[in-house]
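If you scroll down you'll find the structure; I have some questions about it.
Nothing in this text is a laboratory measurement; each read-out follows from the coordinates by a stated rule. Nothing here was measured: the structure is a model prediction, and the numbers come from that model. When we count neighbours, we look across all protein chains shown, and the Cβ atoms used for this are built from the backbone with ideal geometry, even at glycine.
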């Protein structure tokens, strides 16, 4: 299953022109989420996005507090940032916003095919270390801290930790990680029950899941794999967990 690049499409209003651009991106295989110029919406959308597309208008340049906030947010979260605007809009915007935070600057009207080609080039550029979003679910706080540290240290993964199946399912209502590592033996809502709920939800049913367990007998493996997750890993095997994720995402070279 190939990772799908996600675009947060930020615009003051959505028109025929923005819809045409959005549809072209969807046809190219990108996942596109609409977002208004609102601090909370941009914050929430940025966490799950690979690309932030800012569709400019003059109203944006009057929101100085929001622009200052976006500068801090984009400096902290290293995403691909694209701006699209008229010449006056772009000129005014870059009087207030540092150009070094923007990867692609386009003036309307935009040649959509050229833009998509340039976007692919930037996303695939050598030296850009893409970070994949991992949801790690386990009731053991010590393991959560340790495993999160292992994964973040590679430089390839952003890790969100949840200490129960209930909190994880709530998180998945509004977020879409690239991969889920799920403890098989949690109390209250056990791993298999959480897994079934993930698979029964249209928003999360195609997210790959590896079960994690402290047991490694043949019966334990068979019990886990009969549910048909993408894999089964011994939770104490740091190297194997990292190796399997690296293999899946192609970050093992």
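Hey, quick one: spin label on residue 238, modelled 7 Å out along Cα-Cβ, who in the range 152-188 has an amide N within reach, i.e. under 14 Å?
Only 152-155 fall inside the zone, counting backbone N under 14 Å.
Compute the long axis of helix 112-123 from its Cα atoms, compare it with the longest principal axis of the Cα atoms of the chain, and write down the angle in degrees, 0 to 90, nearest 10.
On a 0 to 90 degree scale, this one is about 50.
Give me Rg/Rg_expected for the range 178-219, where Rg uses Cα atoms only and Rg_expected = 2.2 N^0.38 Å with N residues.
The reported ratio for this selection is 1.21.
OK, next. On the principal axes of its Cα set, how long, how wide and how thick is the range 128-178? Give whole Å, largest value first.
35, 26, 8
Taking 8 Å as the Cα distance limit and 6 or more residues as the minimum spacing, I'd like the relative contact order of the chain as a percentage.
12
With N residues in the range 6-123, what two-decimal value do you get for its Cα radius of gyration over 2.2 N^0.38 Å?
This ratio for the range 6-123 stands at 0.96.
Further question: Sum -39500 (n - 2.57) across every DSSP H segment of at least 4 residues in the chain, then divide by the residue count to get the 222 nm mean residue ellipticity, nearest 500.
For the chain, the value works out to -13000 deg cm²/dmol.
Rounded to the nearest 0.05, what FRET efficiency do residue 23 and residue 153 give with R0 = 45 Å and r taken as the Cβ-Cβ distance? Could you check?
0.70
A further question on this structure: What is the angle, in °, between the Cα long axis of helix 64-76 and the longest principal axis of the Cα atoms in the chain? Nearest 10 is fine, range 0 to 90.
For 64-76 against the chain, the angle is about 40 degrees.
What ranking of 222, 70, 189 emerges when the number of other C-beta atoms within 10 Å of each C-beta is taken as an exposure proxy, fewest first?
In order of increasing Cβ crowding within 10 Å: 222, 189, 70.
Next question. If R₀ is 45 angstrom, what is the calculated FRET efficiency for the pair residue 40 and residue 222, using the beta carbon separation as r and rounding to 0.05?
0.45
Something else: So what is the diffusion coefficient of the chain in µm² per second by Stokes-Einstein at 25 °C and 0.890 mPa s, using a Kirkwood Rh over Cα pairs?
Using the Kirkwood radius from Cα pairs, D works out to 124 µm²/s.
How long is the gain from residue 176 to residue 62 if the chain were fully straight, where each residue apart is worth 0.36 nm and the alpha carbon distance is subtracted?
37.8 nm
Also, I was wondering about something else. Among 30, 94, 74, which one shows the biggest mean-square fluctuation in a GNM of the chain, springs joining Cα atoms closer than 10 Å?
Of 30, 94, 74, the most mobile in the Gaussian network model is 94.
If one takes the longest principal axis of the Cα atoms in the chain, at what angle in degrees, from 0 to 90 and to the nearest 10, does the Cα axis of helix 87-96 lie?
Once rounded, the angle reads 60 degrees.
Along each principal axis of its Cα atoms, how long is the range 58-191 end to end? Whole angstroms, biggest number first, please.
For the range 58-191, the Cα extents along the three principal axes come out at 59, 33, 24 Å.
Could you list, bin by bin from short to long, the percent of Cα-Cα pairs of the range 139-253 in 5 Å steps?
Pair shares across the bins are 2, 11, 23, 25, 22, 13, 3, 0.
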